[in-house]
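Data block below; observations after.
The values are calculated or read from the model by the stated rules, or taken from the named source; none is laboratory data. Remember, it's a predicted structure, so these values are computed and weren't measured experimentally. Cβ placement follows ideal geometry from the backbone for every residue including glycine, while neighbour counts extend to all protein chains displayed. Each accessible area value is taken on the protein alone, full model and side chains, heavy atoms only, with ligands, DNA and RNA left out. Shrake-Rupley method; radii C 1.70, N 1.55, O 1.52, S 1.80 Å.
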Amino acid sequence: MATYIDASELLSGTSITGFLERLGHRPVRQSGNEDFYLSMLREERTASLCVNEGLSVWFDHGGPNASGIRGGNLIDLAISYWHPISYSDALYKIKEVMGNVIQTGASVSMKNQERKRLPVKLPHYKIEAIKPLGKNPAITSYLQGRGIWGMADHGQIQELYYFVRDDKGVQKDFFAAGWQNENGGWEVRNKYFQGCLGHKGLTYIEGDDDRLVIFEGYMDYLSWKYENEDCYPSVIVLNSLSLLPAGINRARKFEYIETYFDRDKAGLKATLDFKEALPMAKDCSRVFFGFKDYNEKLMSDLKFLRDGFSVQELGSVNEVCQPKR
């Protein structure tokens, strides 16, 4: 019988840079507290895959790869690196690569105790201000460009102003649209970056007790809400495919479930895994057939409208998978 692997323990006890070094990848350059690698997920000549070890996240600035995942935590990286691979298999592969280097159980506790005796360092990031939408033209323009500006207030998106300070004390200031996940972390998005400040977590919006809609990303949820403004099912946004098992567990209590995962290899695999666990779930990704995700489809629809097409010419495909009202 396979040994159970605790994903949270694996994440807390394994560094992304240490994992990559075991696989034979080392950073080409460093900038502050960020390490830049030649992407091991695709061919490239300029180092664009960035690892922020302080935040335990990575992001590939160079573009999409076969998995469709462009950033996240260690497990997201493993899923991308060994694509196609399941979430649970990725955990075993990480453990296999790292061997006894992983800090687990008592060793993690001891490590934390030792850290408490060290001088307290400034946090890698600090949120300076949280403001309502409409204050920053760049954030407003970004959300308008994604087609979900009208839903953003409803979706509890706010303007987040924060800075990241490296070990030399150099401070870099940033701003982004952000929303808080259920673990207290902030999911942040702007034109140039998507990531998380703090702990990754699901976004859960309480609604109908027996109906659930579930999405990979928050922009996709707001795109769905744009077309279903009067529907009030419960909502789960994964914020990362690495949280699919948590999403499945949360969804078990619902009788009627619709999934709207991306129509790329990673999203289609997630749909199959979800339906294997909860066979009653209905795959509704055909609503945006021909597009990667719901938001891409919405942006295309809105462009059609701006270019003078009528609503009727967009078709009635959006009625295929709407929850009962």
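Going by amide H atoms built from the backbone, whose H comes under 5 Å of the H on Ser67, apart from near neighbours?
none
With θ set to phi - 60° and the Karplus curve 6.51 cos²θ - 1.76 cosθ + 1.60, what are the ³J(HN,Hα) couplings of region 185-195 in order, to the nearest whole Hz, using x for Gly and Pro?
Each residue's phi maps through the Karplus curve to give x, 10, 7, 10, 9, 8, 4, 10, 8, 9, x Hz.
Using a Debye calculation, one point per C-alpha and no hydration shell, please list log10 I(q)/I(0) for region 236-302 at q = 0.18, 0.23, 0.25, 0.28 Å⁻¹ in order.
Values, matching the q order: -0.65, -1.00, -1.13, -1.32.
Based only on Cα atoms, what Rg/Rh ratio does region 149-216 have, Rh being taken as Kirkwood's radius?
For region 149-216, the value is 1.06.
What are the residues whose amide H is under 5 Å from the amide H of Val188, where those residues sit 5 or more places off or on another chain and H is modelled from the backbone?
Gly195, Cys196, Leu197
Would you kindly find the accessible area of Lys191, with a 1.4 Å probe and non-protein molecules such as ligands, DNA and RNA excluded, rounding to the nearest 10 Å²?
Only protein atoms counted, so the area is about 150 Å².
Whole-Hz ³J(HN,Hα) for each residue in region 196-209, computed from phi via Karplus 6.51 cos²θ - 1.76 cosθ + 1.60 with θ = phi - 60°, x for glycine and proline: what do you get?
Per residue, the Karplus-derived 3J(HN,Hα) values read 9, 9, x, 7, 5, x, 6, 10, 10, 10, 6, x, 3, 5 Hz.
How much length is gained on full extension from Ser31 to Ala277, taking 0.36 nm per residue of separation minus their Cα-Cα distance?
My answer for the length gained is 84.3 nm.
Along the principal axes of its C-alpha atoms, what lengths does region 162-260 span, in descending order and rounded to whole Å?
54, 27, 18
Give me the aspartates and glutamates in straight-line cross-link reach of Lys135: C-alpha distance below 17 Å, same-chain residues under 8 apart excluded.
Straight-line reach from Lys135, under 17 Å: Asp153, Glu159, Asp173.
Using a 1.4 angstrom probe on the protein heavy atoms only, could you order Met151, Met280 from most to least accessible area?
Largest to smallest exposure gives the sequence Met280, Met151.
Take each of the peptides 32-42, 210-220, average the number of other beta-carbon atoms within 10 Å over its residues, and list them starting from the highest.
210-220, 32-42
First select every other residue whose beta carbon is under 12 angstrom from the beta carbon of Ala7; then total the charges, Lys and Arg +1, Asp and Glu -1.
After counting each charged neighbour, the total is -1.
How far, in nm, would the chain grow between Ser12 and Lys131 when pulled straight, counting 0.36 nm per residue and subtracting the alpha carbon separation?
On the way: separation 119, 0.36 × 119 = 42.84 nm, distance 3.13 nm.
Length gained between Ser12 and Lys131: 39.7 nm.
Mind checking which aspartates and glutamates have their Cα closer than 13 Å to the Cα of Lys282? Skip sequence neighbours fewer than 8 apart in that chain.
Filter leaves Glu255, Glu258, Asp273.
One quarter of the convex hull surface, Cα atoms only: what value does that give for region 1-76 in nm²?
Mean orientational projected area (region 1-76, Cα hull): 5.9 nm².
Could you give me the ³J(HN,Hα) list for region 173-182, computed from phi with Karplus coefficients 6.51, -1.76, 1.60 and θ = phi - 60°, whole Hz, x at Gly and Pro?
Values per residue, Gly and Pro as x: 9, 9, 9, 6, 6, x, 9, 8, 7, 6 Hz.
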